[in-house]
Each structure stands twice: as structure tokens, then as C-alpha cells.
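Asker: Below: one structure in C-alpha cells.
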Amino acid sequence: MQQRRILDEFTINRELLRGNLNTPKWWLPTVLGLLVVVLFGFTLMGIMFNKGVGVTGLNRPVYWGLFITSFVFWVGISHAGIMISAILRLTQAEWRRPVTRAAELLTVFSLMTALFFPLIHAGRPWRIFYWITPFDFSRGIFPNPRSPLIWDPFAIGTYLTGSTLFLYVALLPDLGVLRDRTTGWKHSFYTVASLGWRGNPRQWRLQTVAGILLSALMLPIFVSVHSIVSWDFAVTPAVEGWHSTIFAPYFVIGAVHSGVSAVVTMMALMRWLWGWENYIRPEHFDALARLLIVVATGWLGFTFVELIFGVYSLEAPERALREMQMFTWPWNLLFLIFFLCAFAIPVPLWFFKRVRNNIAMMFWTSILVNIGMWLERFLIIVPGLARKQPFVFTWDSYTVSYLEWGLLLWSFAWVLMLMLLFSKFFPLIPLFETKESQLFTMDVKIGRANMPAVIRE
Amino acid sequence: MVTAAEKVSGHKWGMAVDVDRCTGCQACVMACQAENNTTLSTEDVYRQKRTFAWIRIERYWYGEFPDVKARFIPIMCQHCENAPCEPVCPVFATYHNTEGMNVQIYNRCVGTRYCGNGCPYNVRFFNYWEPVWPKSLRNQLNPDVTVRSRGIMEKCSFCVQRIRRGVREAARDGRELQDGDIEPACVEACPTNALVFGDYNDADSRVSVMRNDDRKYTLLDKLNTFPNVVYLAQVDATEGATGGHE
């Protein structure tokens, strides 16, 4: 697995700070292009505020559609951060090191994107404050704790706070490096941001302990966030395709599936855009693909069991729902694409070592997974509502409006733009982690024996 | 918060629908529309699949041609005792009052539409647009009923304004509230008396009697929503009662 050459610290600093100390030629045009899309998206939101939710394709009975799908999708993507940086950190998987920051960053930015969707999809978005914050004491009415919609903002808020702290703590040593290599206003900025980091042993100890504590504290969130999102659906006995006790673990493992795939996509992009071949190596893709095979297979099991639970009752509305989901045009096409993209194409490919080590293949397969996982959420949410209970008189369907597609596009541009902006000011690959991992693998010669340079406690 | 007045109100309002009497004339639908300032279900609204009808007549065809029968069933908010729409609302915009009614508080509603998803009967309606009425209808709006703005949910209220007026007038005149004193608009408009409204706590009221009828059933009782609207099954002279809802 060790296919790397040992780099000296100067090379590491120079290469990893490539995006910060110099600006790549493509950076500004790309960011400006994304900014156009983002502004376009905010215009669409303005239209929605002005005219009402009527501008979407939603109707009765399909009260939730693309926005909630995208909300679940982005919360799912956010699970990458905790999976990579917390779980792999606690299990001391060495290969996580170059990926941790990018994964954590993806968590923060995708959560910031996910938050938008339920808020803009509310009928009166200017009134959401007494939904998401229990502050309206004058009326003596607190939000309803029985509703999963109350726990959504709490869970996501906790997750966002924890992830941001985690990101910042891991950023401190690198900010110190940047402070020492910049001048002018940038120097002042990094001086303040690095909180007086000097890299003495006490600071290192505190930083490590804070990192481990934060990753341990965030583990419960790993389970809770997407469980709560799944309860948005699972507590609804009226909707056949939603009311399922398996939803919490099913959604969590689906989230890990899509989140880790998104990390793969991002790693490939980072390797290509900044030329970090020495840091993001095929062995990392190999390890992630092995992890993904396990996760995807577990997820497939849940999908299958969910389906069996549904059909087992042999009730007419449930059968009608499944029939629409799987066999009725155009849902059958979506279902086919979903299944092929989320499992049938990528997972068998990942069994081949040549594919796992081929960055282009990993890039495209990981994108396929996320197309599939988006469709999975769509196929759960919409057909369930469209085929609600046996009253065929109110059965209907849903056509996504152009505005909704536009806002889906906005969400991707928004995340990418935030990432690129971040990459200008902060290193995307942690310098200190890279150096640390090198120390762990270095040998020193003592007499005739080769000893590891650092012994782990 | 339950006020003392609500605790002692002692009413439990309910409705009984004799499906056997329903001719599907839609008079109830029109009466409801006029009484409750419901947005007009114009052609545009219909095409957007966002029609408003706090009470609607569902029409189902039974049998094979030429032996086809049309069956009608009026469906309005069932005012469930165990309503799936209530626990899911994050801001308590919908809750259960002590008179057995599921009530919607427009001021609190933020429009998550979660209750609409939760309702198995699809009788909750969302104002996708700011409602507009043609000039000729503006003076027709009922002053007793809030005109809803866009972005909130609404649904059948059992004509709560009529219930309040009935109770108030009975108190003013110093008499007991009689069965039939209070009639929601749909009940008043029904030409065949298929719809009956009353107090379940009054054992002699017509709804109480109808609730103990052999033909009584409730919609989707497998979901344990315990509706306060009961249905009396249609009786076919040749086939007997066709109870339940398949």
C-alpha cells in the first residue's frame, strides 16, 4: 500500500499551499461562473417569496417534492464528514489523513445548503423563526416536541456547530503555517484566525485532545441526524411508502453511502485541479472503494427489507404505490436509473482492483452513486404521497417545475462555490496530518535494526 | 393550555353521513364554499391539481358495463380523535380542542404542509397562491370567517363560527341547546338529509343514534384515527349493505 515517496516538509508546504499563496488561473473564472448560478438561484428564491409556493409544481396530495428530496440528499452528503473524520479517526485508519478536512468541509457546506430547502419550501418563510427557535414566550406556545420537524433544526444545528468546531480545531496548526508565510492584511487575518498558535507541545496536546473529544462527541449525531430526517417520513401513518420502522437505520446507511461517494468525487477533483498526486493517491481511492462496497451492500439489504416489509401486507394501496414506483412510466425509468446508479453499476466495478485504483473510474462511479441516491429519496417521497390510501379519487402525480430544477442546480453551484472560496484562504489538505502520517511510516536505523521513528501509544 | 371554560363545555361535536341518502348533488360543496370563504377552484387551479373543497363528493363506479352503478361518498375533515395531522405540526397550528374538533389556527401556521401529508383522507388544503375573488364576489365573503392568506393550511372547521353562534344565542336566550340548533352549511344545504350534525355527548341526539346504527362505519379505521365523522353504509336492495371502504 505504501506507494509514496517521502517528501521533505518544504515540498509539502509548497505543494499544499499552492492554492492559497498563489491563485490558479482557472480559479477566478470558475468562481465567477458559479456566482452567476448562485445569484440566479437566489433570484428564484426571491420569486418564490414574492409569489408563493404556487410557483413550484407541488399540488394536493403531493405536498412535498423536489425541495424535500434535495434536503434529504444534502443532509445525506453531510454524513461524509463524520464518517471519514470521526469514525476513521477513532479507529485510527491511516489513509483518512489527506481526506479529513475536505470531508469535514463537505459536511459544513452541504448542511448549510440543506438548511435552505425546508425553509424556502415553507408557505410563510418569514415566520419560520418560531418553528426553528423556541423563543415566542409571549404567547406561551412552544414548538411541538412531538413533531420531527422540530428535531430537524436541532439536530442539524448541533451537527453544524460540532462540524464547524471540529474543522476549526484541525485548521489551527495550518493557519499558523500560513501566518508565517504571508504579509500584509493576509498576515493580520491569519494571525487573528490562528488564535496564537505557536506549535509548542502543550498546544499540540490540547489540539489533539480537542480533536478526539469532538469526534467522540459527534458520534451520536452520526446516528441521530439522519434518523430524525427519516422520521419526517416514518411517523406518518397515512402515507404507505413512508410509514416504516426501518427508516432510521436505512436512511443513515444510505447517507453514508452517498456521503462517502461525494468525498471520492471531491478527492478526484482536488487531485486534478491542484495536482496533488503525491497526497491523494490511488491507495486512498482503493480504501474508500472497499469501504463503499460494504456500505452499499448493507444499504441494499435495507432497501430490500423495506420493500419486502411493504409488499408483505399485500394491501391494495401499498401494492398500488409499489406498482407506481417500479412499473409505471415514467417512475419505472427513474427506478431503473436509481437501482443501476446506486448499486448495480458501481459496486460490481469496485470489486476490481484496477477500477479501484483508476481515479477517473472512481470519479464517475461515485457520481453515479449520488445520482442514484438522489433518485432514491425522490422515489420514496413522491410516489408515497401520490398514492396515499385507497381513495383513488385524490390520487395524483407531480411535475417538477423549472424553478425547482433551478434551485437544485443552485444547491450544487452554492456548495462548489463555497468550497472554492474556502480553498483560496485555507489549505484543503491538512499539512500537519500529512507530516504526521509521514513520521508514522518513517524508519530510523539504529545499529543494524530498522525501528519506526515514532511509537504510538 | 386547556381553559376551565373548555373543560366544562361538555360538547363533543360530530357528524353522521348516511351514504345511502347521498345523491351526489354537490349542494354541500357549494354551501361550504360560500360559507367558509374558500378559494375558488377555477380551471387554472384545477389544472394545477390544487382544488379547494373542504367537503367533496367522491364518485366511484361499481360493476361491469352495462351493470354500472355510481356511488357517492361525501368526504370532509373527519375530526379524528387520534388525528395523524396533529402531532406532526411543529408549531401547534393544528390541535385538538376539548369539543372533539380538530382545529386549525391560521396565525400560527408556517406552511410546512406536514399535516397535509399526515392526513390519510387528503382533506387539508394549502393556499399555494394569495386568494383572489372576482369583483362580483367580494361582497359575498362571509364576515364571520377569516380570509386565509397564502402559505397556510386550511380545512373543514365543522363551521365553528356557527357552533359558537349557536351556543352564544342559546346562552343569551337562557335555554338549553337543542339537537339541530347548530347546523354547518353543508348539513343545512343537504336536500336529502344525508348529513347530520350534533353532539355525541347528548345520548338522544340524532348523531348519537346514528353512531349506534348497524350500518355505521368509519373511514380507514385500520389506521386507528377514531374519526368523529361516522358513515352509514349504502344499502343495495339486491345485495344488502355494502359496508366499509375497500
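The values are calculated or read from the model by the stated rules, or taken from the named source; none is laboratory data. All values reported here derive from a predicted model rather than from experimental measurement. Glycine also receives a Cβ, built like all others from the backbone with ideal geometry; neighbour counts cover every protein chain displayed.
Asker: Somewhere in the stretch B:49-64, is a residue closer than 15 Å to A:Phe393 by Cβ, among the β-branched types (Val, Ile, Thr), in contact with a strand residue (DSSP E or B) (Cβ under 8 Å, 6 or more places away or on another chain) and buried (at least 21 other Cβ atoms within 10 Å of the Cβ)?
Answerer: Yes, because at least one residue in the stretch B:49-64 is closer than 15 Å to A:Phe393 by Cβ, among the β-branched types (Val, Ile, Thr), in contact with a strand residue (DSSP E or B) (Cβ under 8 Å, 6 or more places away or on another chain) and buried (at least 21 other Cβ atoms within 10 Å of the Cβ).
Asker: Evaluate the stretch B:164-181: report whether one residue or more is at pLDDT below 95, within 17 Å of the chain's Cα centre (by Cα) and within 14 Å of chain A (Cβ to nearest Cβ).
Answerer: no
Asker: I need the full set of residues from the stretch B:43-60 which are in a strand (DSSP E or B), more than 10 Å from chain A (Cβ to nearest Cβ) and over 16 Å from B:Met76 (Cα atoms), in order please.
Answerer: Listed by number, the list is empty, since nothing qualifies.
Asker: Checking the condition modelled with pLDDT under 90, buried (at least 20 other Cβ atoms within 10 Å of the Cβ) and more than 14 Å from every other protein chain (Cβ to nearest Cβ), which residue from A:Gly19, A:Gly41 passes?
Answerer: A:Gly19
Condition check ((1) crowded, with 20+ Cβ neighbours inside 10 Å; (2) under 18 Å from the mean Cα position of the chain (by Cα); (3) not hydrophobic (A, V, I, L, M, F, W, C)) across all residues:
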position	(1), (2), (3)
A:Tyr402	no, no, yes
A:Phe412	no, yes, no
A:Val415	yes, yes, no
A:Phe440	no, no, no
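Asker: Out of the stretch A:81-119, which residues are charged (D, E, K, R) and closer than 30 Å to A:Glu404 by Cα?
Answerer: Within the stretch A:81-119, just A:Glu104 meets the criteria.
Asker: Just one of B:Gln78, B:Gln48 is among the polar types (S, T, N, Q) and over 18 Å from A:Ala238 (Cβ atoms); which is it?
Answerer: Of B:Gln78, B:Gln48, the one residue that is among the polar types (S, T, N, Q) and over 18 Å from A:Ala238 (Cβ atoms) is B:Gln48.
Asker: Can I ask one more? Quick one: count up the residues across the stretch A:110-125 that are more than 10 Å from chain B (Cβ to nearest Cβ) and either outside any helix (DSSP H, G or I) or not polar (S, T, N, Q) (or both).
Answerer: Of the residues in that region, 7 qualify.
Asker: Are any residues in the stretch A:354-396 without any contact (Cβ under 8 Å) to a residue 40 or more places away in the chain and outside any helix (DSSP H, G or I), and if so, which ones?
Answerer: Residue satisfying the conditions is A:Phe391 alone.
Asker: Something else: Find all pairs meeting these conditions: Cβ atoms under 8 angstrom apart; at least six residues apart or on different chains; first residue within the stretch B:105-120 and at the interface with chain A (Cβ under 7 Å from one of its Cβ atoms) and over 16 Å from B:Cys80 (Cα atoms); second residue of a type in the set (Asp, Glu) and assigned to a loop (DSSP other than H, G, I, E, B).
Answerer: Here the result reads none, with nothing in the stretch B:105-120 linked to a residue that is of a type in the set (Asp, Glu) and assigned to a loop (DSSP other than H, G, I, E, B).
Asker: While we're looking at this one, here's another question. Any chance the stretch B:35-43 includes a residue that's farther than 17 Å from B:Cys186 by Cα and modelled with pLDDT of 90 or more?
Answerer: Checking the stretch B:35-43: at least one residue is farther than 17 Å from B:Cys186 by Cα and modelled with pLDDT of 90 or more.
Every residue, every condition in (1) surrounded by fewer than 21 Cβ atoms within 10 Å (Cβ to Cβ); (2) hydrophobic (A, V, I, L, M, F, W, C), yes or no:
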| residue | (1), (2) |
| --- | --- |
| A:Glu104 | no, no |
| A:Thr107 | no, no |
| A:Ala114 | no, yes |
| A:Ala122 | no, yes |
| A:Tyr130 | yes, no |
| A:Asp152 | no, no |
| A:Thr164 | yes, no |
| A:Val169 | yes, yes |
| A:Val209 | yes, yes |
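Asker: Please work out which one of (1) in contact (Cβ under 8 Å) with a residue 60 or more places away in the chain; (2) under 22 Å from A:Phe343 (Cβ atoms) is the condition A:Val239 fails and give its number.
Answerer: Every listed condition holds for A:Val239 apart from (2).
Asker: Ok, one more. Can you tell me which residue within the stretch A:427-444, out of those that are among the β-branched types (Val, Ile, Thr) and in contact (Cβ under 8 Å) with a residue 12 or more places away in the chain, is nearest to A:Trp276 (Cα to Cα)?
Answerer: Applying the filter and picking the extreme gives A:Ile429.
Asker: As an exercise: evaluate B:Ile73 against (1) in a loop (DSSP other than H, G, I, E, B); (2) more than 8 Å from every other protein chain (Cβ to nearest Cβ); (3) not basic (Lys, Arg) and give the number of the one condition it does not meet.
Answerer: Single failed check for B:Ile73: (1).
Asker: Looking at the stretch B:86-104, which of its residues are hydroxyl-bearing (Ser, Thr, Tyr), more than 9 Å from chain A (Cβ to nearest Cβ) and not in a loop (DSSP other than H, G, I, E, B)?
Answerer: Within the stretch B:86-104, just B:Thr94 meets the criteria.
Asker: If we keep just the residues of the stretch B:121-142 that are of a type in the set (Phe, Trp, Tyr) and closer than 18 Å to B:Gln48 by Cα, which is farthest from the other protein chains (Cβ to nearest Cβ)?
Answerer: B:Trp133
Asker: For B:Val145, are the conditions met, namely being surrounded by fewer than 22 Cβ atoms within 10 Å (Cβ to Cβ) and either facing another protein chain (nearest Cβ under 8 Å) or at pLDDT 90 or above (or both)?
Answerer: yes
Listed here are the residues, each with its yes/no results for (1) surrounded by 15 or more Cβ atoms within 10 Å (Cβ to Cβ); (2) within 14 Å of another protein chain (Cβ to nearest Cβ); (3) at pLDDT below 90.
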{"site": "A:Trp231", "(1), (2), (3)": "yes, yes, no"}
{"site": "A:Gly241", "(1), (2), (3)": "yes, yes, yes"}
{"site": "A:Ile246", "(1), (2), (3)": "yes, no, no"}
{"site": "A:Gly254", "(1), (2), (3)": "yes, no, no"}
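Asker: Go through the residues of the stretch A:92-108 one by one and say whether even a single one is at pLDDT below 90, polar (S, T, N, Q) and in contact with a Gly (Cβ under 9 Å, 6 or more places away or on another chain).
Answerer: Among the residues of the stretch A:92-108, at least one is at pLDDT below 90, polar (S, T, N, Q) and in contact with a Gly (Cβ under 9 Å, 6 or more places away or on another chain), which makes the answer yes.
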